[in-house]
1. For the range 103-119, check the following and say yes or no: at least one residue is farther than 25 Å from residue 42 by Cβ and in contact (Cβ under 8 Å) with a residue 12 or more places away in the chain.
2. Within the range 114-134, how many residues are surrounded by fewer than 17 Cβ atoms within 10 Å (Cβ to Cβ) and either in a strand (DSSP E or B) or within 16 Å of the chain's Cα centre (by Cα) (or both)?
3. Scan the range 78-102 for residues that are within 24 Å of residue 170 (Cα to Cα), without any contact (Cβ under 8 Å) to a residue 60 or more places away in the chain and of a type in the set (Phe, Trp, Tyr) and jot them down.
4. Looking at the range 135-161, which of its residues are under 15 Å from the mean Cα position of the chain (by Cα) and either crowded, with 16+ Cβ neighbours inside 10 Å or in a loop (DSSP other than H, G, I, E, B) (or both)?
5. Quick check on the range 131-141. Is at least one of its residues in contact (Cβ under 8 Å) with a residue 24 or more places away in the chain and in contact with a Leu (Cβ under 9 Å, 6 or more places away or on another chain)?
6. Which ones in the range 56-74 are under 14 Å from residue 43 (Cα atoms) and touching a residue at least 60 places away in the same chain (Cβ under 8 Å)?
Amino acid sequence: MNQKQGAMPVILLLIFCTVLSVWVWKNVPVEQEKSVDIAGLKLETLELDSLLAEGKPVLLNVSSDNCPYCVMMAPELADIYAGYGDAVLIRDINADKYPDAYLQLPVRGTPMQVFYYADGTPYVPGEAVAQQIYFLRYVTKDTGEHVMTVHEGMMTAEQMELVLQDLGVVR
């Protein structure tokens with residue numbers, strides 16, 4: 001009987017902490033979101049051919065509002081965007097707000113990043129990058145032509161910079 005009485009306060013404390021955590025997650029504004037509102041980073045429509053025709057390496061991020069990893073990654077993506085200027089096209093598509101924009105992409109979850117070289121060809125990771133970061137290569141069924149290189153999941157600023165360097169981008 002004493003063990004049950006002793007466990008009750010611990011259980012109540014755990015329930016209280018869980019409820020408080022959920023309330024904070026839903027109601028307290030995240031400071032990180034403010035740094036993401038950089039003009040040009042957000043896309044409302046995706047015209048992949050137009051992006052690739054600009055003659056710059058491309059880092060395309062697919063995110064969503066209900067993804068905690070997307071929220072954590074957003075300030076780092078914005079910092080990379082601000083730090084590299086016109087040397088690379090860094091864009092973000094919100095899958096919740098603009099679901100039609102990413103229909104050209106094989107989105108299985110968010111966050112997801114797609115990379116292209118400046119000449120519009122799909123990124124092929126160098127050996128050093130491939131040992132540190134896992135990528136998916138998409139090829140056409142008929143010809144086996146490599147059409148897209150994708151990373152699924154959160155990327156740190158260091159990982160994004162490593163890929164950009166591998167793409168030939170100089171900061």
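1. yes
2. Matching residues across the range 114-134 total 1.
3. Residue satisfying the conditions is 81 alone.
4. Within the range 135-161, 135, 149, 150, 151, 152, 153, 154, 155, 156, 159, 160, 161 meet the criteria.
5. Yes: the range 131-141 contains one or more residues that are in contact (Cβ under 8 Å) with a residue 24 or more places away in the chain and in contact with a Leu (Cβ under 9 Å, 6 or more places away or on another chain).
6. 59
Read-outs: derived from the displayed coordinates by stated rules, not from any lab. Note that the coordinates shown come from a computational prediction; the quantities given were computed from them, not determined experimentally. For neighbour counting, all protein chains shown are included, and Cβ atoms are generated from backbone atoms with ideal geometry for every residue, glycine included.
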